[in-house]
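**Q** Shown below is the structure under consideration.
None of the figures in this text is laboratory data; all of them are computed from the coordinates on show. Owing to the predicted nature of the structure, the values given are computational and were not obtained by experimental measurement. Cβ placement follows ideal geometry from the backbone for every residue including glycine, while neighbour counts extend to all protein chains displayed.
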Amino acid sequence: MRYIYLLIILSLFSCNNERTLLLPEIKNAEVTEVLDVSPAYLFYDESQPDSTLLNRKNLIITTNWLVNVDKRLTLAQAIPHIKFLQDKKRNAEMHKNEDAKNYFTCNDTSIESLGFLEFTDVFYEFSEPIDDAINLQNLVSEKLKSKATSTSYFLEIPLKINNKNKAKIQLEIQSFIELLELSTSMSEEMVIKGYSLNLYFEENLSFQDYISIKRELSKIKSDKIRIDNNEFIY
């Protein structure tokens, strides 16, 4: 019943016009309750030139922000608005609350209620696409050659995520971990401590795909894998 009630609230909201906002779905969210909040809504709207409509008039700088993004939007449509909201809070000069966080609101199907995915420290950047085919073994070798004076470091790995490989991302990351286990020490002088994953998301990915991938990445609990806070949209 709580789940139905929340959906009704989202459906009836906005500028005196009835609009439906379809939240992205996840399972087993790590955060299921956030207090002291104010919401922003990013609607899918075919009547708009870019199919988006942002309502942010209820946002209060000092609170935790719940950003409700329609799962049908692409990253090309959603990310510019999300960057705008982030910059608004980060650049606030008065009444700033350093403890206030930003969350994407999701429908947690495992509990039939809301779940939240934090993105406070994520920095989005639009970028040129990286090479489609990255040979991990060769990349490791080349990186090591360029680190001749390094003794221990995290190897930066660009991870390109698109509509073709989105279902296989976990397998790719697992291959990174397996390679790391096999070749942690490539020489007596140089040791790879782990991987720092640089995420590149195709702009045509849906926001649902983006949230699903982010949730899967958040499940990685390894001191050998770091997810870089800078995310690139290509």
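**Q** What net charge is computed for the residues neighbouring Ile233, neighbours being all others with C-beta under 9 Å from the C-beta of Ile233, Lys and Arg scored +1, Asp and Glu -1? Walk me through the numbers on the way to the answer.
**A** Values: positive: none; negative: Glu125, Glu202, Glu203, Glu231.
Neighbour charge sum, excluding Ile233 itself: -4.
**Q** Using only alpha-carbon positions, what ratio does the radius of gyration of segment 2-121 give when scaled by 2.2 N^0.38 Å? Walk me through the intermediate numbers first.
**A** Details: Rg = 14.1 Å, N = 120, 2.2 N^0.38 = 13.6 Å.
Here the answer is 1.04, to two decimals.
**Q** Quick one: net charge around Phe207, please, counting Lys, Arg +1 and Asp, Glu -1 for every other residue with C-beta under 9 Å from its C-beta.
**A** Numbers: positive: Lys71, Arg72; negative: Asp70, Asp209.
Residues close to Phe207 contribute a combined charge of 0.
**Q** A further question on this structure: Please report the net charge: other residues with Cβ closer than 15 Å to the Cβ of Ser38, K and R +1, D and E -1.
**A** Values: positive: Arg56, Lys57, Lys88, Lys89, Lys96, Lys101; negative: Asp36, Asp99.
Charge balance near Ser38 sits at +4.
**Q** Another question about this same structure. Report the FRET efficiency, 1/(1 + (r/R0)^6), for Glu156 and Val31, where r is their Cβ-Cβ distance and R0 is 30 Å, rounded to 0.05.
**A** Details: r = 28 Å, r/R0 = 0.94.
With R0 = 30 Å, the Cβ-Cβ based efficiency is 0.60.
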